[in-house]
1. Just the residues that are surrounded by 15 or more Cβ atoms within 10 Å (Cβ to Cβ), among the aromatic types (Phe, Trp, Tyr) and either out of contact with any helix residue (DSSP H, G or I) (no Cβ under 9 Å at 6 or more places or on another chain) or more than 13 Å from TRP110 (Cα to Cα) (or both), please, taken from the stretch 8-37.
2. In the stretch 79-91, what residues are open to solvent by 70 Å² or more (accessible area, probe 1.4 Å) and either touching a helix residue (DSSP H, G or I) at 6+ places or on another chain (Cβ under 6 Å) or in a helix (DSSP H, G or I) (or both)?
3. If we keep just the residues of the stretch 99-134 that are in contact (Cβ under 8 Å) with a residue 60 or more places away in the chain and out of contact with any strand residue (DSSP E or B) (no Cβ under 9 Å at 6 or more places or on another chain), which is farthest from GLN81 (Cα to Cα)?
4. Which one of LEU122, LEU97, LEU103 is modelled with pLDDT of 90 or more, under 30 Å from ASP69 (Cβ atoms), open to solvent by 70 Å² or more (accessible area, probe 1.4 Å) and of a type outside the set (D, E, K, R)?
Amino acid sequence: QILPSNYFVDIIMKDDPRLLVIANPLYPGKYAATKFLELRDEPPYGNLYDFRAAEMYLVEAEAAARQNDVQTALQVLNTLQRERGASVTSTSSQDALIDAILLERRKEMWGEGLEWFDILRLQLPIERITSQGHYQNISIPKNSNKLIMMIPAGSRHGARPTAPASRVFIHGKKGPVK
């Protein structure tokens, strides 16, 4: 189940038509997502996405903004925002536009797991606090090994099955998570 924070629901997604949540029946004062409704009684449940057109619009807008083509980036971003019935962005600053695109990416793709990739590629820290409606306090510095997903040694190409306790990281180094 996707559990968006109160901060995300009340502040970031305020008045945004893409917000699909209900009051969480298990956690009073919190929210539960209805974005991914279970459509079947057996796996796979709900809507699973690979790539969506909206993501491609946001990739195009971010690429244009990072190349300082503010006009193209703004046009692509606003096309998506108008399609979604969201407020359109108006800025001429490259940095402000990149921030707006990343925020729009967070709004459009929430609950789909893409924020993790943005955290990695942009080398961002993770700060989540209960006072913003998160379920627990989390503080992970940028580039932390805690952000690296481990692949079991037996799952690597050409590897023979090993004990399940072996810990091999994506980049191939063994060791504890720091």
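The values are calculated or read from the model by the stated rules, or taken from the named source; none is laboratory data. Only a predicted model underlies this, so the values are computations on that prediction, with no experimental measurement involved. Glycine gets a Cβ as well: all are built from the backbone with ideal geometry, and neighbour counts include every protein chain shown. For the accessible areas, the whole protein counts, side chains as well, though only heavy atoms, and no ligand, DNA or RNA atoms are used. Shrake-Rupley method; radii C 1.70, N 1.55, O 1.52, S 1.80 Å.
1. Listed by number, the residues that qualify are TYR31, PHE36.
2. ARG82, GLU83, ARG84, VAL88
3. Looking at the filtered set, the residue picked out is GLN132.
4. Matching residue, one of LEU122, LEU97, LEU103: LEU103.
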